[in-house]
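Report on the following structure.
The values are calculated or read from the model by the stated rules, or taken from the named source; none is laboratory data. Everything numeric in this text was worked out from a predicted model, so none of it was measured. Counting neighbours? That spans all protein chains shown, and the Cβs are built from the backbone with ideal geometry, glycine included. Ligands, DNA and RNA are excluded from the accessible area calculation, which covers all protein heavy atoms including side chains. Shrake-Rupley method; radii C 1.70, N 1.55, O 1.52, S 1.80 Å.
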Amino acid sequence: MASTQAQRYDVIIIGAGLSGMYQLHLLRQLGLSVRVVDAASDVGGVWYWNRYPGCRVDSESFTYGYSFSDDIVDGWDWSEMYASQPENHRYLRYCADKLDVRKDITFNARVTRMTFDEDAHAWTLAFADGSALSATFVIAATGPLSAPQWPGVEGVGSFAGETYHTATWPRDETTSDPAPVRFDGKRIGIIGTGASGVQTIQELAKSTAEVYVFQRTPNWCMPLGNKPLTPAEQKDIHARPTVSSTSRRWRRRPPSARRCSKSSTGARASACGSAITATC
């Protein structure tokens, strides 16, 4: 991407997650020149970065999908009521292929600075590798929680054990899948009980020796009621109308999704959040 002069586009979108890919799809239909940039090595946004143990959606899986495309909806079967991170990431890669958006995305491109030229009426984006791009419009599809935050606790930087952040969990660079991190028999301290903390605690408590949870404010949770989706339920989802260019009708929630399951496989947090995991 490096060049001596910044290449000019109508629109630059920062972020290749759900919103970024959809914006690219719509703006291309308007005939605009568009470029998406993302610091990650693949599409997915939050579902690329968040790959900690127990990570999954806390809304019904099918509500997380692109309901504007009959082709996408009909070509994908969700395996669970609340899909896990690996399945969500596979789904978004599937959508990227269906919409053919990768050709207009530059990966491993971290924006370090944005400046606006009043005379040229253009934004210039500088990247960590020294390159630059310019555009008339810039759309930040980065989400509200894209910057990992470490707690301002004295001594956190000198802790001698292992430390992990749910937003930057280790991954296999060749597959983008979560890298195995072993916690068997270890003592773990988890800071934070937002959605990420609640999900991580439940998963790590299965194999660790001790888990200590540190929270500032108690969170409200309810049973998740997750379960595999049966072939009949998947068929029901496919049978519903979509918000397509022809029908313009919202896909309705299938009856199976409106009923609460009595078999609880975990807790559901009321809001998104991050967790810090330290082991020794």
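Couple of notes before you dig in:
- Test: residue 187 is open to solvent by 40 Å² or more (accessible area, probe 1.4 Å), closer than 30 Å to residue 12 by Cβ and among the charged types (D, E, K, R): no
- So residue 38, is it touching a residue at least 60 places away in the same chain (Cβ under 8 Å), in contact with a Leu (Cβ under 6 Å, 6 or more places away or on another chain) and among the acidic types (Asp, Glu): no
- Qualifying residue in the range 88-103 (condition: in a strand (DSSP E or B) and buried (at least 17 other Cβ atoms within 10 Å of the Cβ)): no
- Complete set of residues in the range 13-45 that are touching a Ser or Thr at 6+ places or on another chain (Cβ under 8 Å), β-branched (Val, Ile, Thr) and closer than 30 Å to residue 180 by Cα: 14, 37
- Enumerated helices (runs of 4 or more DSSP H) restricted to the range 1-80, each holding at least 2 residues that are under 13 Å from the mean Cα position of the chain (by Cα) and either at pLDDT 95 or above or among the basic types (Lys, Arg) (or both): 18-29
- In the condition set (1) in a helix (DSSP H, G or I); (2) among the β-branched types (Val, Ile, Thr); (3) open to solvent by 60 Å² or more (accessible area, probe 1.4 Å), residue 115 is compliant with all but (1).
- Meets criteria (within 30 Å of residue 6 (Cα to Cα), open to solvent by less than 40 Å² (accessible area, probe 1.4 Å), at pLDDT 95 or above and among the aromatic types (Phe, Trp, Tyr)) for residue 127: yes
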